[in-house]
Every structure is written in C-alpha cells, then in structure tokens.
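Worksheet: one structure, shown below.
The values are calculated or read from the model by the stated rules, or taken from the named source; none is laboratory data. On a predicted model such as this, the values are computed, not experimentally measured, just so you know. Heads up, the Cβs are rebuilt from the backbone with ideal geometry, glycines too, and the neighbour counts pull from every protein chain shown. Note: accessible area is taken over every heavy atom of the protein model, side chains too, but ligands, DNA and RNA are not part of it. Shrake-Rupley method; radii C 1.70, N 1.55, O 1.52, S 1.80 Å.
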Amino acid sequence: MTDTTIHTVLFDLDGTLTDPKEGICKSYQYALRHYGRQADDLDAFVPLIGPPLQACFVEHLGFAPEQLDEVVAVFRDYFGTRGLYENRVYDGIVDLLAALQARGQRLALATSKAEFFAVKIMEHFGLSRYFDVMVGSELDGHRVAKADVIAEALRRLELTNGRGVAMVGDREHDVMGAQANGLRSVGVLYGYGDRAELAAAGADDIIATVGDLRALLLG
C-alpha cells in the first residue's frame, strides 16, 4: 500500500480488546457437560476463542448442524449471565483507544460474537464510549462470517471502500475478513492466534504488544 495513513480502525473483541478466556471456556464446559460429555480441561477450549461459535461446535466439537440451535442456546445460558463478565481488558487498550479518538480516528467494533452480547461487554468495561459503531453477528446465526461483519461495519460507517481503514484482530478470520473488504490487516500476537497462523493468512502487519500496536496506529 502506498498510502499508509489510517483514518479508521476496526477492532476484533475477543483476544484483541479483551481477554475472554475464563468466560468462554467455562461456557463451552457448561454446554458439553449438559450433553454428558467430559469437559474438565478448560485449556482444551482455548483454540475456540475467536472463530464463529457455530463453526466451533460443528467442526471442532462434533455436533451435528441440526443440533446447533439447541447447543448454542445452552452455551448462552451460561455466557449470557456469567461468562461475558468473566473477562478483562488488556493492559494499555483504554489508553490506546483514548489516544486514537483524540487524534480524530474513527473506531468500530467488528466481532463474530453476537452483537447483543458484544455491546453489553463493551458497555460493562467502559469501552463503548470510544466507538462510532459496534457490529457483531445476529443471535439467529446470521452475519457470523467475519467478512460479512466487516462489510456491515463499513456500511454503518458510510465508507464505500477500505482505503485508510485497518482491521485489527488476533486470528486468521480477522485477516481474511479484512482482505475480502480491501482493508489493511493487522494481526496481534498477544491474543489467541500465533505468528504462523497470521502470516499464513497474509496479514499486512503482525504486532507483538499493545504498545507496538499503538505505535503503528498512531504513526
């Protein structure tokens, strides 16, 4: 890209703004135990932090597509009342968001998490004040693909192209979603993806820390 000026930044939520490990892993544990399955090792669910919920249950946990509505509802029984608050904001994120906002850069949330829960999390941790729009998936399972979430964020921002827009996330889905919409993709290593995953997906930038992210976005 010849023009490196970033005027708008889209952020993923899980593994990028907040560390949701405890709440998400306990929600998976709750769902599996509901079906009588062994689920003692919470760390076994760490690879499922980030990708769309529906894909995780089918592709990684072996549920049939026709079971999705029920198992997702069971997951949300725990997540919607406890799990979403078993979460923490990464150190340095609030200062970064405040600095970006002070510079006049527009901010948007673009997460595959259900928008209803994402907004509650953002409001609970005091992050929503920095964002122009907050976009997630629909509770009925629509708009779960990251490319579709990003496209909706751009629509709400009234942006017709991705020039000067960066997508920041920790997993390959964030990178590929950015590419599908013509955005600069920034992968972060402090979340739940690794360098090999982000590089293989073709991230434009791979950043190790929140401090490094601040340096990149603020120039």
- Task: Being β-branched (Val, Ile, Thr) and in contact with a Phe, Trp or Tyr (Cβ under 6 Å, 6 or more places away or on another chain) is the filter here, so list the residues in region 35-82 that pass it.
- Result: 49, 71
- From 54, 29, 67, grab the single residue that is under 21 Å from the mean Cα position of the chain (by Cα), among the polar types (S, T, N, Q), more than 30 Å from residue 158 (Cβ to Cβ) and not in a loop (DSSP other than H, G, I, E, B). 29
- Query: Is it the case that residue 132 is more than 21 Å from residue 80 (Cβ to Cβ) and open to solvent by less than 20 Å² (accessible area, probe 1.4 Å)?
  - Reply: no
- Query: Within region 105-116, how many residues turn out to be open to solvent by 20 Å² or more (accessible area, probe 1.4 Å) and touching a residue at least 40 places away in the same chain (Cβ under 8 Å)?
  - Reply: 2
- Would you mind telling me which numbered condition in (1) open to solvent by 10 Å² or more (accessible area, probe 1.4 Å); (2) in contact (Cβ under 8 Å) with a residue 24 or more places away in the chain; (3) of a type in the set (Val, Ile, Thr) residue 119 fails? (2)
- Query: Mind checking which residues of region 30-48 are open to solvent by 30 Å² or more (accessible area, probe 1.4 Å), free of Cβ contacts under 8 Å to residues at least 40 places away in the same chain and not acidic (Asp, Glu)?
  - Reply: 33, 35, 36, 37, 38, 42, 44
- Task: Please work out which one of (1) outside any helix (DSSP H, G or I); (2) at pLDDT 95 or above; (3) under 19 Å from residue 113 (Cα atoms); (4) touching a helix residue (DSSP H, G or I) at 6+ places or on another chain (Cβ under 8 Å) is the condition residue 177 fails and give its number.
- Result: (1)
- Message: Being touching a residue at least 12 places away in the same chain (Cβ under 8 Å) and either open to solvent by 30 Å² or more (accessible area, probe 1.4 Å) or in contact with a Leu (Cβ under 9 Å, 6 or more places away or on another chain) (or both) is the filter here; which residues of region 135-146 pass it?
- Response: 135, 136, 137, 138, 139, 141, 144, 145
